[in-house]
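Engineer: Below you will find the structure I want to go over with you.
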Amino acid sequence: MNKLWLFLLVSMAVTGCATKPVDTLSVFYAHRPKSIVVVPVLNESSELTAPSVFITSISRPLAERGYYVFPVYLTDMILRDLGLVDANHIHELPPGRFYELFGADVVLFVTIKNWSTKYILLASTVEVEMSYKLVDTKTGLLLWESDQSYVHSSSGSSPFTVVASAAAKGLLTDYLPLAQQTNNEAFFPPKGVPVGPYHSDYQRDQSQFQ
Amino acid sequence: MPKEPSRTISKLIFLGITSLALLLTGCARQEIFYWGNYENTLFERYVENDNSQTETRLQVLIQEAQNANRRVPPGVYADYGVILCKQGKESKAISFFEQEKKLYPESSILMNKLIERINLQKNGSDVSKSSDAVKRGGNNE
């Protein structure tokens, strides 16, 4: 009898976990966004160049999920012209503001949680961690969110070559493939964001997500 | 005797199916848009603070996409329009904003604003109009 109760409890817990993401996506499917504006990235890491490197990697994966993505450079220019330069401030604006300014269905808020390199004897570890939030500009509802991190460890080379190659590249280009990898894991199945109207699976991809 | 042709036919069918499958997987892997060097132009502008090559690179991207009969990614025509606008080539800029709008109707609200702003600046010789245009955000960086 005890065993039966345990079984029931465990199976309830398992189904409880499994149904949660479906609920989240049903809100997404109900709103069917078509266009995304990516606003300046909030940087919680100590690497000052992180937002600039990251922003260059965001348009392609989002567009390839089938969305109209507003050109990031133009978006920045328009916000700057309005005196909106501080990412903290921009992330706190009412979401409706991004509909007024751009006509975007959703706004993507990205926060860089970590963007660092550690050197331990013969190996180096590069880490990036990002949080993504898609917010509906008309209702202010959170349609989708994801936290992703990616760690790349390299070993085998001497500490001298690791440091020298990193220094030669100014530590900039090293992060780009990691940011791309993190974006891909965030936006593409099995987790991912449902596809938009420019994708051939539009409104037929519900089964791809757990 | 009758066995030979049927074997050839089944071989042909097999070949047909395999090549179709190959074709389909090939298509599935192709991206929706032709990206060319677009990410490089962003990296140059954002990270290296160098926009000297942007115009040429965007021209090349658009040309290559057209040659390959592929779709120009969202934002590329608009991006190019902004460069033309900064160079004072207003009517050419407007035609690129129109192209962005035609290809991607989702951009209409923003493109219309940009076109309206250019027209205001072009026609607005009186003070109130031009100051309004500046308030809406000129193209000064």
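The values are calculated or read from the model by the stated rules, or taken from the named source; none is laboratory data. What you see is a predicted model, and the numbers here were worked out from it, not measured in a lab. Cβ sites come from the backbone with ideal geometry, for glycine too, and all protein chains shown count toward neighbours.
Engineer: Mind checking whether some residue in the stretch B:60-72 is surrounded by 16 or more Cβ atoms within 10 Å (Cβ to Cβ), modelled with pLDDT of 95 or more, at the interface with chain A (Cβ under 10 Å from one of its Cβ atoms) and in a loop (DSSP other than H, G, I, E, B)?
Structural biologist: Looking through the stretch B:60-72, none of the residues is surrounded by 16 or more Cβ atoms within 10 Å (Cβ to Cβ), modelled with pLDDT of 95 or more, at the interface with chain A (Cβ under 10 Å from one of its Cβ atoms) and in a loop (DSSP other than H, G, I, E, B).
Matching residues to (1) out of contact with any His (no Cβ under 9 Å at 6 or more places or on another chain); (2) under 20 Å from B:Asp79 (Cβ atoms); (3) at the interface with another protein chain (Cβ under 9 Å from one of its Cβ atoms):
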position	(1), (2), (3)
A:Ser59	yes, yes, yes
A:Val69	yes, yes, yes
A:Met77	yes, yes, yes
A:Glu92	yes, no, no
A:Phe102	yes, yes, yes
A:Val106	no, no, no
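Engineer: When the stretch A:79-90 is examined, which residues are found to be more than 7 Å from every other protein chain (Cβ to nearest Cβ), within 18 Å of B:Lys113 (Cβ to Cβ) and surrounded by 14 or more Cβ atoms within 10 Å (Cβ to Cβ)?
Structural biologist: A:Leu79, A:Arg80, A:Leu84
Engineer: Given the conditions (1) aliphatic (A, V, I, L, M); (2) surrounded by 18 or more Cβ atoms within 10 Å (Cβ to Cβ); (3) closer than 15 Å to A:Leu134 by Cα, report the number of the one that A:Ile55 does not fulfil.
Structural biologist: (3)
Engineer: Can you name every residue in the stretch B:44-95 that is in contact (Cβ under 8 Å) with a residue 12 or more places away in the chain, closer than 30 Å to A:Ala50 by Cβ and of a type in the set (A, V, I, L, M)?
Structural biologist: B:Leu58, B:Val60, B:Leu61, B:Val72, B:Val76, B:Ala78, B:Val82, B:Ile83
Engineer: Among what's in the stretch A:175-200 and is assigned to a helix (DSSP H, G or I) and within 12 Å of chain B (Cβ to nearest Cβ), pick the residue that is nearest to A:Tyr132 (Cα to Cα). Walk me through how you get there before you give the answer.
Structural biologist: First pass over the stretch A:175-200, keeping only residues assigned to a helix (DSSP H, G or I): A:175-187.
Going one step further and asking which of them are within 12 Å of chain B (Cβ to nearest Cβ), we end up with A:175-177, A:179-180, A:183.
Working: A:Tyr175: 18, A:Leu176: 17, A:Pro177: 18, A:Ala179: 13, A:Gln180: 14, A:Asn183: 9 Å.
Checked the stretch A:175-200; the qualifying residue nearest to A:Tyr132 (Cα to Cα) is A:Asn183.
Engineer: Is it the case that A:Val106 is crowded, with 23+ Cβ neighbours inside 10 Å and either closer than 27 Å to B:Leu58 by Cα or among the small types (Gly, Ala, Ser) (or both)?
Structural biologist: yes
Engineer: Next up: From the list B:Lys92, B:Lys129, pick out the single residue that is touching a helix residue (DSSP H, G or I) at 6+ places or on another chain (Cβ under 7 Å), at pLDDT below 85 and more than 9 Å from every other protein chain (Cβ to nearest Cβ).
Structural biologist: B:Lys129
Engineer: How many residues are under 15 Å from A:Leu143 (Cβ atoms) and modelled with pLDDT under 90 if we restrict to the stretch A:181-202?
Structural biologist: Within the stretch A:181-202, residues that are under 15 Å from A:Leu143 (Cβ atoms) and modelled with pLDDT under 90 number 1.
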